[in-house]
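The numbers here are math on the coordinates, done by the rules we state, and not lab data. Just so it is clear, the structure is predicted and the values come from calculations on it, not from any experiment. When we count neighbours, we look across all protein chains shown, and the Cβ atoms used for this are built from the backbone with ideal geometry, even at glycine.
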Amino acid sequence: MSVEEQLAKGEIRYVDRGNGALKVEAIYGERPLRWAYGNPLGRLAQWLLIRRWIVSAWYGSRMDRLSSSLKIKPFIEQYGLDEGEFAEPVDDYNSFNEFFHRKLKPGARPIDAANDSVVFPADGRHLAFANITAESNFFVKGQSFDLERFLGDAGLAKRYEGGSMILSRLCPVDYHRFHFPCLGKPGPPRFINGWLYSVNPIALVTRPSIFWENKRVVTAIESPPLGQVQFVDIGATMVGSIRQTYSPGETVAKGDEKGYFAFGGSSVAVLFEKGRIEFDADLLENTVNGLETYARVGERMGRTHDQG
């Protein structure tokens, strides 16, 4: 069943990789999302106001207030989050945003140790594309992925023709720090300004171009086993900011933290040159079937392709 068909039934399905179960997503803010992207007045409000940075900045500032900390415990209870993973006690968070971009305890996200493994960069729902330039049904039938606009560089897009991409969607209920999927040396972040549309499938089936219209940060990683990798942090509605915590030019290990998003749902994408990675078969199969795969930071998503 395609994403469009799922949404027509009022649901978003995904596969939980931990147990193989097919689940229906509990969509945070579902009613306003459906209004903004499915109602003519909502689409007008989205075009005139909601997609603009000032709205997300305003809401992000509210989530920085001390009073917003009152939302934390109800949120944890509603979505069944595991407090045992948090690096700090819940009562130590002075705002909802502090809780939202919380760190986890050491060992809460084990990193796959195999030398040839490449790991998920974030907790979330993932789509894997073995050949992103051949993709012709990106969220809607007949939609190709505009690599040149996404990267903001025609020469760079040429380099990744026929390359592979993992797209990781972080819901508001997810852990919101993102990590390097492989060892390497990351360069400086490159900012591409843009709008702040939602990256929920409710929005994407009406406007798949959101991924190359939204603001994003592109970071090149020189990785011995994978060549040059592009890591793209993608902003979205109500994401107050994209913050980097790594040091450009310093070698990172697989699973090291790269940065975090402040309040809101958001996405990261990782691009690999042609022939450099072999994604796990279940990820590719689920993607072809219109299903995201839920997995967490540090779990294996594929292996380096033998270049010998």
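Taking 29 Å as the straight-line reach from the Cα of residue 105, the lysines in range (excluding those fewer than 8 positions away in the same chain) are 23, 71, 73, 185, 254, 258. Compute the Cα gyration tensor for the stretch 191-302, then decide on rounded, prolate or oblate, letting a ≥ b ≥ c be the square roots of its eigenvalues: rounded whenever a/c is under 1.5, prolate when a/b is larger than b/c in the other cases, and oblate in all that remain. Oblate. Full extension of the chain between residue 158 and residue 116 gives 12.5 nm of extra length, using 0.36 nm per residue less the Cα-Cα distance. By the count of other C-beta atoms within 10 Å, a proxy for reagent exposure, 206, 245 are ordered fewest to most as 245, 206. Take the Cα of residue 250, step 7 Å toward its Cβ, do the same at residue 108, and the gap between the two points is 2.2 nm. Ordered by the count of other Cβ atoms within 10 Å of each Cβ, fewest first, 279, 261, 99 give 279, 99, 261.
Each label point was placed 7 Å from the Cα along the Cα-to-Cβ direction; for residue 137 and residue 88 their separation is 4.6 nm.
Remark: 182, 171 ranked as 171, 182, counting other beta-carbon atoms within 10 Å and listing the fewest first.
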